[in-house]
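Here's the structure we're looking at; comments come further down.
The values are calculated or read from the model by the stated rules, or taken from the named source; none is laboratory data. Keep in mind that what you see is a predicted model, and the values were worked out from it rather than measured. Backbone-built Cβ (ideal geometry, glycine too); neighbour counts: all protein chains shown.
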Amino acid sequence: MVARRKVQHELTKEMIMDTARSLFVLNGYQNVSMRQIAKELRCSHGAIYYHFKNKAELFYALVDSHFDLLDEKLEEILSKDIDNIEKMKLIMLGYIEFGLTHQSHYEIMFLTKNEEVRSYINERPMLVYDKFAKCLFTLSDRKLLIRDIWSIFLSLHGFVTHYIGQVVGYEDVEDAAEYLVNFLLKGLK
């Protein structure tokens, strides 16, 4: 057995999560093991277990941190002192921008399908949708139906998933995103 190289740096949760994110996106959650993550980090798998008791816990921590980033983006927009229509526009554009700026995050947050983590994967996206729905419902001058808000959300999600892997970032499709959001806003007036 070959001895592992001494780790040149202290292994942190963030380092583990960054490596796991890349592997989960590349190979799928079910095809990644804690040993593979350790191999990529050039450390023992025991070092990873020091931070996370199992792969599911690592995945949950990763997803939580991603949803926290998206939530921060929404809160930043909501705190702006601008009119409601402009705020709705920025919320929709902010969602698209987040998804295309953090493509690997978005894939893990919304596109991972696995029984082991299914309940958790379904829970957090629904909390984001709920916040999104409440924002649009509150900000709109018109009485919105759930199906109106759901259609808008699915349009934004579809836009992001269409461009993931096709563009480097949000800037590549900013004009198209603006067009979509302006089109959706017409239905809210």
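Numerical summary
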read-out	value
Any hit, the stretch 170-188, residues being of a type in the set (Val, Ile, Thr) and modelled with pLDDT of 95 or more	yes
Every pair of residues 6+ apart whose Cβ atoms lie under 9 Å, when the first sits in the stretch 150-170 and is within 15 Å of residue 128 (Cα to Cα) while the second is of a type in the set (A, V, I, L, M, F, W, C) and part of a loop (DSSP other than H, G, I, E, B)	152/144; 152/188
Within the stretch 71-122, tally of residues that are within 18 Å of residue 159 (Cβ to Cβ) and either surrounded by fewer than 16 Cβ atoms within 10 Å (Cβ to Cβ) or in contact (Cβ under 8 Å) with a residue 60 or more places away in the chain (or both)	16
Among the candidates 23, 111, residue that is within 24 Å of residue 165 (Cβ to Cβ), at pLDDT 90 or above and aliphatic (A, V, I, L, M)	23
Any hit, the stretch 82-98, residues being modelled with pLDDT of 95 or more and of a type in the set (Gly, Ala, Ser)	yes
Residues of the stretch 36-70 satisfying the condition of being among the polar types (S, T, N, Q) and surrounded by fewer than 14 Cβ atoms within 10 Å (Cβ to Cβ)	54
Selection status of residue 85, under 17 Å from the mean Cα position of the chain (by Cα) and assigned to a helix (DSSP H, G or I)	no
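A quick yes/no check of all residues on (1) assigned to a helix (DSSP H, G or I); (2) under 23 Å from residue 22 (Cα atoms):
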residue	(1), (2)
125	yes, yes
132	yes, no
149	yes, no
156	yes, no
173	yes, no
189	no, no
